[in-house]
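Presented below is the structure to which this report refers.
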Amino acid sequence: MSNDMNDKLDVMFSLRESFMEALKERNPNEYPDWPINLSNKKSQQHARDMALRGVEEMFEALQHLKNWKPHRVTEVTEFDKDEFVEEVVDAFNYFFSVLVLTGVSSEDLFKMYKKKDMIIRDRLNTGY
């Protein structure tokens, strides 16, 4: 990954965390203080809730895909890419919130992404 792309990931994390801080200032009950301790039940519940909100946003994005049913004869030719991507961004925001809450940095995510990429490529090459 180029430094430019890594910088963009840093910016995305920074934007999300600053939004979370602003929201917490306006509504102190919206987020707990972070980083949260994931061995704590209440923290796990909060992280799970944030992740599920992201999943819900992905479902909203999928609602824009009209031609996925194999039995459908007609095709819907209209597709609003901007609305689709906006919903995916909403999902990313919730997923970024989970990462911020749990103390995962953009660098941590990038390192784990590269590690996992090596694993799945190895699986591909070894017939997993």
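Just a few scattered comments:
- Within this structure, R53 passes the test of being in contact (Cβ under 8 Å) with a residue 24 or more places away in the chain, out of contact with any Lys or Arg (no Cβ under 8 Å at 6 or more places or on another chain) and basic (K, R).
- Qualifying residue in the stretch 6-20 (condition: polar (S, T, N, Q), modelled with pLDDT under 95 and touching a helix residue (DSSP H, G or I) at 6+ places or on another chain (Cβ under 7 Å)): yes
The values are calculated or read from the model by the stated rules, or taken from the named source; none is laboratory data. Keep in mind it's a predicted model, so treat the numbers as computed, not measured. Neighbour counts run over all protein chains shown; Cβ positions are idealised from the backbone, glycine included.
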